[in-house]
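**Student:** Quick one: structure below, then a few questions.
The values are calculated or read from the model by the stated rules, or taken from the named source; none is laboratory data. Keep in mind it's a predicted model, so treat the numbers as computed, not measured. Here the Cβ is made from the backbone with ideal geometry for all residues, glycine too, and neighbour counts use every protein chain on show. These accessible areas exclude ligands, DNA and RNA; they are computed on the full protein's heavy atoms, side chains included. Shrake-Rupley method; radii C 1.70, N 1.55, O 1.52, S 1.80 Å.
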Amino acid sequence: MSVRFPLLLSLLLVLLSLVPVAAQAEEVVVYSARNEHLIRPLFEAYTRETGVKVTFVTDKEGPLLQRLKSEGRNTRADVLLTVDAGNLWQAAEEGLLQPVTSAALAANVPEHLRDPGNQWFGLSLRARTLVYSTERVKPEELSTYEALGEPQWKGRLLLRTSQKVYNQSLVGMLIAEHGVEKTEQIVRAWIANLAAPPFANDNAVMEAIAAGQGDVGIVNTYYFGRLLKDKPELPLALFWPDQQGNGVHVNVSGAGVTRHARNPQGAIKLLEWLSSEQAQNLFADANMEYPVNPRVAPHADVAAWGEFKQNPINVSRAGELQGEAIKLMDRAGYR
């Protein structure tokens, strides 16, 4: 008895030490810049299917990145979920994410919609495209982003502020496509054609077009979808530019596994599920976005806007060139 007792005690201690690990494996913690009403149904569906609890914290992307940096190794976050490739690139650049090896994610997320180093993956897609007045513009008058700087659009163009990351990413992607010099010419021409100072958000741009303050603007597709869902009478339509060239500039809402994740395998399984055919419509349809998984069709309301060719440049370039884009817009007088 005196010999067996220490052995039994040791075995018991080993078993007890495994309990917290098993408990942790039943929970994944997500820091999300995506609003609660968009993610709660997703995570509840995941829990129903797998039994894994998903705990989430929502905030703006800036405070979430700062919180991850401040918490360091003590963070509870396993996953960072945010909008715009520029923000995802920034998180990876600051060492807040870790590389992931996953055949499922590689198969479900096209290469140009994920980090080349596999630190983050797009989970839904939005296009930053043209919106126009159906009362004063014929679609055949539109062609490219660059053409919005031509004389025919003098005093007719409306833009959102350059302070928003969506426009910084757009200009970054234009730099990737055209180079700094030509992109600055494009942006300067836009500013010269403005009908009013830049607006605070995409909805304000579209409302102003509908009110006759301008005739054409640049917005994210889901803003258009949400506005027209509430006000279907507005005389607005989308146009897909550059269809004879490189295609429409797209961006993503996406996620990565945090550098100090306590449950990295659970985090990867959640990301794989979010990119699956089973979950992609749940993720994208809630915000009138497009699934990134090419095997999944968009919601009928989104599909009704028509098919378009995407620009194939990797969206990570939006982050890499964000600093250059901000300086360029400042030089061009885009505020």
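**Student:** If you scan the stretch 130-150, which residues turn out to be over 23 Å from D84 (Cβ atoms), open to solvent by 50 Å² or more (accessible area, probe 1.4 Å) and in contact (Cβ under 8 Å) with a residue 24 or more places away in the chain?
**Tutor:** T134, E135, R136, P139, S143, E150
Okay, residues lined up against (1) in contact with a Gly (Cβ under 8 Å, 6 or more places away or on another chain); (2) farther than 25 Å from L96 by Cα; (3) free of Cβ contacts under 8 Å to residues at least 24 places away in the same chain:
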residue	(1), (2), (3)
A237	no, yes, no
T258	no, no, no
V292	yes, no, no
A304	no, yes, yes
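**Student:** Tally the residues that are in contact with a helix residue (DSSP H, G or I) (Cβ under 6 Å, 6 or more places away or on another chain) and not hydroxyl-bearing (S, T, Y), restricting the search to the stretch 221-234.
**Tutor:** 2
**Student:** So for the stretch 180-201 (the condition being small (G, A, S), assigned to a helix (DSSP H, G or I) and at pLDDT 95 or above), does at least one residue qualify?
**Tutor:** Yes, some residue in the stretch 180-201 is small (G, A, S), assigned to a helix (DSSP H, G or I) and at pLDDT 95 or above.
**Student:** Residues that are open to solvent by 40 Å² or more (accessible area, probe 1.4 Å): which helices (runs of 4 or more DSSP H) entirely in the stretch 271-334 hold 3 or more of them?
**Tutor:** Values: elements: 277-285, 300-303, 316-320, 322-331.
Answer list for the stretch 271-334: 277-285, 300-303, 322-331.
The rows are residues; the columns are (1) farther than 25 Å from D115 by Cβ; (2) in contact with a strand residue (DSSP E or B) (Cβ under 6 Å, 6 or more places away or on another chain); (3) at pLDDT 95 or above.
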{"residue": "G245", "(1), (2), (3)": "yes, no, yes"}
{"residue": "V252", "(1), (2), (3)": "no, yes, yes"}
{"residue": "R262", "(1), (2), (3)": "no, no, yes"}
{"residue": "A279", "(1), (2), (3)": "no, no, yes"}
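**Student:** Right, here's the next one. Does V109 fit the bill of being touching a residue at least 60 places away in the same chain (Cβ under 8 Å), buried (at least 23 other Cβ atoms within 10 Å of the Cβ) and touching a helix residue (DSSP H, G or I) at 6+ places or on another chain (Cβ under 8 Å)?
**Tutor:** Against the criterion (touching a residue at least 60 places away in the same chain (Cβ under 8 Å), buried (at least 23 other Cβ atoms within 10 Å of the Cβ) and touching a helix residue (DSSP H, G or I) at 6+ places or on another chain (Cβ under 8 Å)), V109 does not qualify.
**Student:** Among the residues in the stretch 130-148, are any among the polar types (S, T, N, Q), out of contact with any Gly (no Cβ under 9 Å at 6 or more places or on another chain) and part of a helix (DSSP H, G or I)?
**Tutor:** The answer is no; no qualifying residue exists.
**Student:** Condition first: at pLDDT 95 or above and closer than 28 Å to R128 by Cβ. Now tell me which residues in the stretch 68-84 satisfy that.
**Tutor:** Across the stretch 68-84, the qualifying residues are L68, V79, L80, L81, T82.
**Student:** Considering only the stretch 211-238, state which residues are open to solvent by less than 40 Å² (accessible area, probe 1.4 Å) and outside any helix (DSSP H, G or I).
**Tutor:** The answer is G214, D215, V216, G217, I218, V219, N220, L234, P235, L236, A237, L238.
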